[in-house]
Amino acid sequence: MTQKRPKETTSSSGRERQEASSSRHSFVPPAREGSLLAKLIASHEIVIACGPGGVGKTTTAAALGLMASLADRGRVLVLTVDPAKRLASALGLSGVGNEEHRVPDDVLWTAGLAPRGELWVAMLDTKESWDSLVHRYAPDEKTASRILANPLYQNISGQFVQSHDYIAMERLYDIHLEGRYDLIVIDTPPSRNALDFLSAPQRMADFFSSRFLRWLVIPYRSRLLNIASRPFYQVADRVLGTQFLSDISEFFMLFQAMYEGFVQRAEAVKKLLKDDRTTFIVVSTLEPAPAREAELFVQELSRRELDLGAVVLNKVLPSYLRDPHANKIAERMRRDAPTLAAKLSLPVGYAEHADRVLTEVAESFSNFSIVAYREAAQKEGLGNYSDIIASVPFFDTDIFDLAGLARLGERLFDR
């Protein structure tokens with residue numbers, strides 16, 4: 001745990017401003033002592049929000065970071081990937097790259113929040129991160145300049161070898177190594193496969209030591225093509241041009257020069273993921289496809305001996321949909337809709353419409369009830385993997401500001 005900085009003293013005018021602000025806005029206190037998720041966050045230095053795409057990982061990570069800063073975890077950093085535009089603006093991320101920025105206390109007070117620690121935010125910039133890696137791992141500045149100037153590198157550095165996944169892990173390691181934050185909450189990149197980022201460091205190491213890479217760089221090194229490969233290069237020369245092939249060969253040759261640095265860092269990242277100070281929070285909804293992927297994810301965490309701290313379930317249907325009495329009422333309303341409609345004091349001809357409305361409302365409730373029971377079974381299944389299951393309901397509006405993040409955080413911390 002990094003040492004916390006001494007708290008800055010607050011001037012009398014600052015105290016007056018804070019007191020006036022708290023009287024106008026709702027004060028969000030720390031989570032209650034019994035919140036298991038709050039205790040989990042308080043006992044770790046790195047929290048990795050992961051899981052299927054499109055289930056609210058970014059918003060969940062931001063809410064966890066915000067609540068930790070309100071509970072005075074010292075300096076808290078939320079490293080996010082692709083927040084919604086309005087949420088990015090609320091967090092002060094508009095136009096921000098890898099550099100961390102502090103959310104001003106005034107902004108928090110305006111949102112009705114009482115900051116006790118410091119909330120910092122950064123948004124992953126893949127291109128900027130790759131450029132930094134090149135400068136770090138290249139054997140000399142001349143090699144780094146040649147890589148950065150290579151046309152192929154310039155075109156694909158943002159998409160190279162699942163780069164979002166790898167860069168997220170690299171950036172996390174860098175920031176943690178600097179030791180400037182008491183807590184880092186990272187939002188993992190959206191991937192077709194939620195497991196991609198776990199394998200990213202090893203895939204990168206494997207790539208730099210692969211036969212495929214060595215095969216590509218041989219022509220550039222020796223300028224001698226064997227008989228088997230010559231027809232391919234003759235056709236490629238005509239289709240793509242000699243300069244394009246030269247750019248490819250140079251690109252891979254120069255990258256191979258950074259092999260040792262990448263492999264060493266990949267090993268260090270894997271150790272950090274297994275460190276006792278690191279925990280994973282799997283975020284999902286209870287829809288069938290995301291729930292299945294989340295279950296595979298928690299199984300993979302166990303297989304890799306990584307710590308599953310909690311499971312967060314977003315957009316969960318309310319429990320009253322599983323109330324047997326409510327379901328009986330819905331069934332009776334559907335069955336007796338014509339009789340109930342006839343008893344209503346309605347203008348002539350309206351009873352038929354009332355019958356239809358009552359029937360559809362009852363059937364809709366029953367359909368939602370079926371889904372709610374299915375969700376409960378899926379939630380119980382995920383509960384076999386973690387002692388901490390946090391459920392978040394549907395919200396009436398999208399979460400796009402700090403006040404919305406606080407509302408989400410209150411539900412996550414079970415207040």
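The values are calculated or read from the model by the stated rules, or taken from the named source; none is laboratory data. Since the model is a prediction, treat every value here as computed from it, not as a measurement. Don't worry about glycine lacking a Cβ; one is built from the backbone with ideal geometry, like all the others, and counts go over all protein chains shown.
In the set Ser345, Ser391, which member is of a type in the set (S, T, N, Q) and within 30 Å of Thr285 (Cα to Cα)?
That would be Ser391, the only listed residue that is of a type in the set (S, T, N, Q) and within 30 Å of Thr285 (Cα to Cα).
If the condition is being more than 16 Å from Arg292 (Cα to Cα) and surrounded by fewer than 18 Cβ atoms within 10 Å (Cβ to Cβ), then region 371-387 contributes Tyr373, Asp387.
The set of residues in region 64-111 being small (Gly, Ala, Ser) and either under 22 Å from Gly53 (Cβ atoms) or touching a helix residue (DSSP H, G or I) at 6+ places or on another chain (Cβ under 6 Å) (or both) consists of Gly65, Ala68, Ala84, Ala88, Ala90, Ser94, Gly97, Ala111.
Considering only region 351-370, I want to know if a residue exists there that is among the polar types (S, T, N, Q) and in a loop (DSSP other than H, G, I, E, B). No, the conditions are met nowhere in region 351-370. Checked against the criterion of being in a helix (DSSP H, G or I), surrounded by 12 or more Cβ atoms within 10 Å (Cβ to Cβ) and either β-branched (Val, Ile, Thr) or at pLDDT 90 or above (or both), the candidates Leu301, Leu306 yield just one match: Leu301.
For (1) surrounded by 19 or more Cβ atoms within 10 Å (Cβ to Cβ); (2) of a type in the set (Val, Ile, Thr); (3) at pLDDT 85 or above, each residue gets a yes or a no:
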| residue | (1), (2), (3) |
| --- | --- |
| Ser209 | no, no, no |
| Val217 | yes, yes, no |
| Leu245 | no, no, no |
| Val282 | yes, yes, yes |
| Pro290 | yes, no, yes |
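From the list Arg304, Arg277, Arg332, the one residue that fits, being on the phi < 0 side of the Ramachandran plot, of a type in the set (D, E, K, R) and either without any contact (Cβ under 8 Å) to a residue 24 or more places away in the chain or not assigned by TED's automatic domain parsing to the domain that holds Arg407 (or both), is Arg332. Would you mind stating whether Ser319 is among the hydroxyl-bearing types (Ser, Thr, Tyr), closer than 25 Å to Ala63 by Cβ, surrounded by fewer than 16 Cβ atoms within 10 Å (Cβ to Cβ) and at pLDDT 90 or above? Here the answer is yes, as Ser319 does meet what is asked.
Report yes if some residue within region 397-408 is among the aromatic types (Phe, Trp, Tyr), over 34 Å from the mean Cα position of the chain (by Cα) and part of a loop (DSSP other than H, G, I, E, B); otherwise report no.
No: region 397-408 contains no residue that is among the aromatic types (Phe, Trp, Tyr), over 34 Å from the mean Cα position of the chain (by Cα) and part of a loop (DSSP other than H, G, I, E, B).
Does Leu87 satisfy the condition of being surrounded by fewer than 24 Cβ atoms within 10 Å (Cβ to Cβ) and not acidic (Asp, Glu)? So Leu87 fits the description; yes.
For the subset of region 101-137 comprising residues that are in contact (Cβ under 8 Å) with a residue 24 or more places away in the chain and among the charged types (D, E, K, R), which member is surrounded by the most Cβ atoms within 10 Å (Cβ to Cβ)? Going through the qualifying residues, I end up with Glu118.
Determine whether Asp72 is modelled with pLDDT of 90 or more and among the charged types (D, E, K, R). For Asp72, the condition - modelled with pLDDT of 90 or more and among the charged types (D, E, K, R) - is not met.
In region 48-70, is there at least one residue being at negative phi, surrounded by fewer than 18 Cβ atoms within 10 Å (Cβ to Cβ) and among the small types (Gly, Ala, Ser)? Yes.
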